[in-house]
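Working notes for the structure below.
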Amino acid sequence: MKLLRYGPIGSERPACLDAEGQMRDLSGVVADINGESLSPESLARLAALDLTDLPVVEGAPRLGSAIARPGKFLCVGLNYADHAKETGKEPPTEPILFAKASNAICGPNDDVEIPRTSEKTDWEVELGIVIGSRAKYVSEAEALEYVAGYALVNDVSERAFQSERGGQWVKGKSHDTFGPVGPWMVTKDEFDDIQNIDLWLDVDGERRQTGNTKTMIFGVAHLVHYISQFMTLEPGDIIATGTPPGVGLGMKPPTFLRAGQVVTLGADGLGEQRQRMVQA
């Protein structure tokens with residue numbers, strides 16, 4: 001099942017895709033695509049619907065973030081060994097955790113702002129985990145039971161803010177529009193092996209990133225288990241699981257985004273995003 005949100009910013013409505021890829025409005029069934037509607041019980045009710053009974057969404061409306069603003073938007077750094085190498089870092093022995101502020105979340109095809117004074121705005125295609133059940137001290141063997149599904153994430157980053165201005169990474173990760181999520185959340189039952197998903201990203205039509213989740217240092221189950229040892233994961237929380245090699249910081253010479261450029265990205269089964277860079 002593919003769940004999504006459509007409509008103007010701040011007025012998004014819940015929807016799903018039917019077997020023909022037609023968007024169907026869910027606002028008569030759930031209030032939004034959020035923690036409450038992502039519980040196992042709610043997902044079971046949605047899966048049992050006859051989608052042909054739901055109103056068709058006409059045209060091509062704007063898509064919002066696939067998940068309404070979550071309580072937590074967590075990220076994992078340097079989770080692909082080749083990406084760690086290209087940034088000059090050693091692969092971590094434990095997951096590196098940081099957060100993006102919730103104001104970063106935007107729709108998958110919304111414009112992305114390059115911050116004022118920014119000279120090093122970068123791209124990162126990532127698999128996002130969406131939590132469906134409250135997870136605290138869960139075992140790795142049981143971790144996937146707490147997952148509702150997955151979504152495509154672009155972990156947009158300002159490298160100078162992140163690494164050259166002191167403190168932690170959050171201020172390089174949290175500018176408005178630095179967290180496109182979607183186009184939809186795909187429930188976990190649609191994936192036979194989430195650790196074998198191809199990811200890619202282009203800038204102005206030129207391939208920059210190609211990767212597969214099988215090369216993650218810490219897999220999905222381990223991440224959910226690990227994070228739950230330090231904090232309770234709540235339904236609707238998003239975990240961006242790290243990016244494969246090919247970011248601008250790792251190019252020789254380093255190459256960063258400029259206003260007017262277009263970034264497109266995608267992943268097996270998770271759809272595609274397209275963002276135009278604009279100056280804040």
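Here are the numbers for this structure:
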{"item": "Residue that is at positive phi and surrounded by 15 or more Cβ atoms within 10 Å (Cβ to Cβ), where the choices are GLY179, GLY242, GLY167, GLY172", "result": "GLY242"}
{"item": "Selection within region 1-56 - assigned to a loop (DSSP other than H, G, I, E, B), in contact with a helix residue (DSSP H, G or I) (Cβ under 8 Å, 6 or more places away or on another chain) and open to solvent by 60 Å² or more (accessible area, probe 1.4 Å)", "result": "ALA19, VAL29, ALA31"}
{"item": "Residue match in region 201-214 (condition: at pLDDT 95 or above, within 19 Å of ALA84 (Cβ to Cβ) and not in a strand (DSSP E or B))", "result": "yes"}
{"item": "Members of region 92-111 found to be of a type in the set (Val, Ile, Thr) and surrounded by fewer than 20 Cβ atoms within 10 Å (Cβ to Cβ), listed by number", "result": "THR93, ILE96"}
{"item": "Check on ALA68, within 16 Å of TYR150 (Cα to Cα) and either of a type in the set (A, V, I, L, M) or touching a residue at least 24 places away in the same chain (Cβ under 8 Å) (or both)", "result": "yes"}
{"item": "Those residues of region 230-280 which are touching a helix residue (DSSP H, G or I) at 6+ places or on another chain (Cβ under 9 Å) and either of a type in the set (A, V, I, L, M, F, W, C) or assigned to a helix (DSSP H, G or I) (or both), in sequence order", "result": "LEU233, ILE239, VAL247, GLY248, LEU249, GLY250, MET251, PHE256, LEU257, ALA267"}
{"item": "Per-region count, region 116-169, residues under 22 Å from ILE105 (Cα atoms) and part of a strand (DSSP E or B)", "result": "19"}
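The values are calculated or read from the model by the stated rules, or taken from the named source; none is laboratory data. All values reported here derive from a predicted model rather than from experimental measurement. With ideal geometry, Cβ positions are generated from the backbone for all residues, glycine too; neighbour counts draw on all protein chains shown. To get the accessible areas, we keep the full protein, side chains included, count just its heavy atoms, and leave off ligands, DNA and RNA. Shrake-Rupley method; radii C 1.70, N 1.55, O 1.52, S 1.80 Å.
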